[in-house]
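What follows is one structure encoded as structure tokens, with my remarks underneath.
The values are calculated or read from the model by the stated rules, or taken from the named source; none is laboratory data. Keep in mind that this is a model prediction, so the values were computed, not measured. Cβ placement follows ideal geometry from the backbone for every residue including glycine, while neighbour counts extend to all protein chains displayed. The area values use the complete protein model at the heavy-atom level, side chains included, leaving out ligands, DNA and RNA. Shrake-Rupley method; radii C 1.70, N 1.55, O 1.52, S 1.80 Å.
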Amino acid sequence: MPNTVPEYDLVIIGGGINGAGIARDAALRGLSVILFDKSDFGSGTSSWSSRLIHGGLRYLEYAEISLVYESLHERIFLRNIASHLVKRIRINIPVYENSKRGLMLIRLGMIAYDLLSIRKTLPRHRMLSRDELLQQEPGLNAAGLRGGAQYYDAQVTFAERLVLENIISAAEAGAVVKNYCPVETIGLHDGRTMTVGYVDADSGEIKVVKGRIVINASGPWVDRVLQKTGRQTRRLMGGTKGSHIIVGEFKGAPRDAFYVEAAADGRPFFIIPWNGQYLIGTTDIRYGREPDAAHASRKEIRYLLDETNRVFPEAELESDDIHFAYAGVRPLPRRGNRPESAITRRHIIKRHRRPLQGIISIIGGKLTTFRNLAEQTIDRVDRKLDAGLPRCITSSTLLPGAVGVIEARERLEDFAGLSERGRERIIGIYGGRATLILDLAAAEAGLSKVIDAEKSVLAAEVVFAIRHEYAKNLTDLMQRRLMLGLSADQGEQLIEAVAAIAAAEFQWDEQALERQIGRLREYNARLKVV
Ligand SMILES: Cc1cc2nc3c(=O)[nH]c(=O)nc-3n(C[C@H](O)[C@H](O)[C@H](O)COP(=O)(O)OP(=O)(O)OC[C@H]3O[C@@H](n4cnc5c(N)ncnc54)[C@H](O)[C@@H]3O)c2cc1C
């Protein structure tokens, strides 16, 4: 019998936030979809951001009014469709005598930000006097402080889970989703369809699928993926690297987030309460190398420490205080010698010319705007295929974890053994899907066990992530499913316990188990500051 090549309307390359969002929108509108990621879903740039769902106040300086408007609009949708993951956050902007941006400019920016978020669901900004600001945040540097502004935005503590929920929703709507399957070739098949060759994660063999359209949603890898066509293509990407450091509670630490102008170069950066710690960043440096190799340099780390110590003088933070640090590459369009911060953060949905007319490449795009980007992409696919698709429903269709959150909370209340903090942790990660974990805990011996001293992690979570959330190894489990790897000790205390449960489920022998632990420790070591 001849081997038939599976055929899809869409082949999506890249399971970051943009690829995942596009897969979800397409599948919900009835297109047949297959999505590949070379690594784990969400393990690229989408894991390494500032984790804000925000309008991007800074973009007002570059007159990116439509981007700010779009982002603030999307913030409303995301707070609804991912209510368990996207939470409001209060941010302060202190203004000093020598600040580049004075009180008047900040005030104008705040008014514009409020006006652009029509149908506002968050409180308006407030200007604060010097004394009010110091009363609220006594650790703030008082020397030369003139006052400031206070406003609201949103934060997605676990952006990795936002990606995953889009993947899960896409799969529930019929999409085929494959992590650890790098795409190696893209070719024209018969002028109407493209062929895509990928390495199959299970067999290691090269397999082929056909697609009527190929979406290149590979973030900072867009140019590398285009090279897989074997054709000469113009370089599209001009990525910049941004780094963050993560520290614990420090002397004088703020209650709210801060958006501060750096003394060294006038760039604004964030100090954000995050996951029981502080996320401090970011930098913005041109970067042309392999995105997976990006790391926070000593210079960037020093810059972030010095600037934080300047705003919160009692902090006296040093490298030893850093729990871990990370860097990501913004998938920005190539823009000559423009200053990094002036490169547009707007996305471009690029249709290629013959003979690559079957490919659409996604350039840029923020976490905040992925849903709209996906809607625009599928609208374009609709026109291209003349498919007569139904309208997009993702602005009002809840992501899987946003359904049944109240019921899940009640079930967790009744579950003996978890602490209050544990219940909050579980809701904050899985939302309403926590009920599925409790069902599993009730159904199988040993899975109702609480595996940590703080009584916050269930054995069932590990098995659930393997069976229902595409986790393929220990690093996926710790970093992007149970979210333990993002805690102060990078999940060190729980590695053995999680690994033992995973070993039983995956049937790893002793050597495989050791290998998994070794790989996770290597991964964590790369994020450590030495
Ligand atoms: C420092 C920094 C701070 C940021 N802060 C914010 C913020 O606060 N708010 C906000 O809204 N945005 C923020 N952003 C922007 C945002 O994070 C990114 O624009 C967004 O995550 C890009 O998503 P993506 O899906 O396009 O790319 P990625 O997340 O990188 O996904 C691309 C995927 O393609 C896969 N891939 C690559 N090659 C192949 C191949 N050959 N085969 C199969 N798969 C492949 C990769 O493995 C990867 O998973 C920030 C970005 C950075 C770097």
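For first residues located in segment 63-86 and at pLDDT 95 or above, partners that are small (Gly, Ala, Ser) and open to solvent by 30 Å² or more (accessible area, probe 1.4 Å) and lie 6+ apart or on another chain with Cβ distances below 6 Å form the pairs Phe77/Ser395.
Checking each residue in segment 396-440 for being closer than 17 Å to His468 by Cβ and of a type in the set (Val, Ile, Thr) picks out Val403, Ile426, Ile429, Thr435, Ile437. If only residues of segment 205-230 that are farther than 21 Å from Phe41 by Cβ, away from the ligand (no atom under 13 Å from the Cβ) and out of contact with any helix residue (DSSP H, G or I) (no Cβ under 9 Å at 6 or more places or on another chain) are counted, the one that is least open to solvent (accessible area, probe 1.4 Å) is Lys210. Residue pairs whose Cβ atoms lie under 9 Å apart, sitting 6 or more positions apart in sequence or on different chains, and linking a residue in segment 119-138 that is assigned to a helix (DSSP H, G or I) to a partner that is open to solvent by 80 Å² or more (accessible area, probe 1.4 Å), are Arg130/Arg146; Glu132/Arg126; Gln136/Arg255.
The set of residues in segment 316-333 being within 15 Å of the ligand (Cβ to nearest atom) and not hydroxyl-bearing (Ser, Thr, Tyr) consists of Phe324, Ala325, Ala327, Gly328, Val329, Arg330, Pro331, Leu332, Pro333. Within segment 231-245, the only residue that satisfies the criterion of being away from the ligand (no atom under 14 Å from the Cβ), touching a residue at least 24 places away in the same chain (Cβ under 8 Å) and out of contact with any helix residue (DSSP H, G or I) (no Cβ under 7 Å at 6 or more places or on another chain) is Arg231. Taken over segment 291-323, the criterion of being open to solvent by 50 Å² or more (accessible area, probe 1.4 Å) and either touching a residue at least 24 places away in the same chain (Cβ under 8 Å) or closer than 19 Å to Ser49 by Cβ (or both) is satisfied by Asp292, Ala293, His295, Asp306, Arg310, Pro313, Glu314, Glu316, Asp321.
Quick one: which helices (runs of 4 or more DSSP H) sit completely within segment 348-441 and have at least 1 residues that are under 30 Å from Glu454 (Cα atoms), more than 27 Å from the chain's Cα centre (by Cα) and among the acidic types (Asp, Glu)? The helices (runs of 4 or more DSSP H) meeting that bar are 405-414.
When Tyr326 is tested against (1) open to solvent by 10 Å² or more (accessible area, probe 1.4 Å); (2) at pLDDT 95 or above; (3) in contact with a Ser or Thr (Cβ under 9 Å, 6 or more places away or on another chain); (4) not small (Gly, Ala, Ser), only condition (1) is not met.
Return the only residue of Gly30, Gly55 being more than 7 Å from the ligand (Cβ to nearest atom) and either in a helix (DSSP H, G or I) or open to solvent by 20 Å² or more (accessible area, probe 1.4 Å) (or both). After ruling out the rest, the residue left standing is Gly30. When the residues of segment 163-198 are filtered to those that are part of a helix (DSSP H, G or I) and open to solvent by 20 Å² or more (accessible area, probe 1.4 Å), the one that is nearest to the ligand (Cβ to nearest atom) is Ala171.
If you filter segment 352-386 down to residues that are among the small types (Gly, Ala, Ser) and modelled with pLDDT under 95, you find that the one that is farthest from the ligand (Cβ to nearest atom) is Gly358. When Ser83, Ser49 are checked against the criterion of being open to solvent by 10 Å² or more (accessible area, probe 1.4 Å), within 11 Å of the ligand (Cβ to nearest atom) and not in a strand (DSSP E or B), Ser49 stands alone in meeting it. Restricted to segment 120-142, and to residues there that are farther than 26 Å from Pro313 by Cα and out of contact with any helix residue (DSSP H, G or I) (no Cβ under 6 Å at 6 or more places or on another chain), the residue that is surrounded by the fewest Cβ atoms within 10 Å (Cβ to Cβ) is Pro123. For segment 192-204, the count of residues that are small (Gly, Ala, Ser), more than 26 Å from the chain's Cα centre (by Cα) and under 21 Å from Gly21 (Cβ atoms) is zero. Any chance segment 246-265 includes a residue that's modelled with pLDDT under 95, within 13 Å of the ligand (Cβ to nearest atom) and surrounded by fewer than 19 Cβ atoms within 10 Å (Cβ to Cβ)? No - not one qualifying residue is present in segment 246-265. Among the conditions (1) assigned to a helix (DSSP H, G or I); (2) touching an Asp or Glu at 6+ places or on another chain (Cβ under 9 Å), the only one that Tyr470 does not satisfy is (1).
Applying a threshold of 6 Å to beta carbon distances and a minimum spacing of six or more residues, or different chains, the list of pairs starting in segment 421-436 at a residue that is of a type in the set (Gly, Ala, Ser) and ending at one that is open to solvent by 20 Å² or more (accessible area, probe 1.4 Å) reads Gly422/Lys455; Gly431/Val405; Gly432/Val403; Gly432/Gly404; Gly432/Val405.
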